[in-house]
Amino acid sequence: MPRRLRVDHEGAWQHVINRGIDHARIFDDVAARIFLFELRGASSRHCIEVHGYCILPNHYHLLLHTPEAGLSTAMQGLSSRFTQAVNRYRERDGPLFKGRFRSIAIKDDAHLVKVSQYIHLNPVEAGLVSAPEHWPWSSAAAYLGLAPKPEWLHVVALLEMFGATNPESAYAQYLRDGRGVANEAGSDPSPPTLQFSTKVCARGLTPFTPQSAGPGTPAARGRATRW
């Protein structure tokens, strides 16, 4: 069966995922630091915007925007450089990931914020922490203003959808509302059709209001498979 062609064009938004080979634990603290270092490098070399991330013990999630396309090249470089660095550190050889990365195209702003919620709630749903901002290998704390923001992490595009007055607090509430009901809207190649304005905003996606993806709405009930 031929591989599905990736969505990789200028201005695309993507939820990118990969898992360790044989579901193995590949990320300890050192490996997570190496991954973020290489992610920063890949974002600079390939003009990839990082809008969110979460590194779990055996897999990772990235929320990426590609103003100039080139997702596959960037991710291949990231995976190769990360694997080489970790193998040197562990004095081993061979692959770390089970195969090529998985990417899910984001269709509209409601889909975008839902994927962000899912990514940041992953450690909570996995039982690793009680709140997303407590997980050290995630962008959640930076989004909520509780940790320094790396210069390569973009948070404004998403936070501006939560209002001009204290958007960090509104986003924190959105994360709390998603606990126990959050699902990966990004896993569905045909996410629910939502009724929004057809005006195209600066992100190149359909505009979003926080109420449109809250608990009980079509976006919150979308079909999903948790990684």
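Could you tell me which residue of segment 45-58 is surrounded by the fewest Cβ atoms within 10 Å (Cβ to Cβ), considering only residues that are under 16 Å from Ser116 (Cα atoms) and not aliphatic (A, V, I, L, M)?
In this case the residue turns out to be Glu49.
For segment 20-38, give me each residue that is of a type in the set (D, E, K, R) and surrounded by fewer than 19 Cβ atoms within 10 Å (Cβ to Cβ).
Hits for segment 20-38 are Asp22, Arg25, Asp28, Asp29, Arg33.
Coordinate-derived values only; no laboratory data. All values reported here derive from a predicted model rather than from experimental measurement. In this analysis, Cβ positions are derived from the backbone assuming ideal geometry, glycine residues included, and neighbour counts consider all displayed protein chains.
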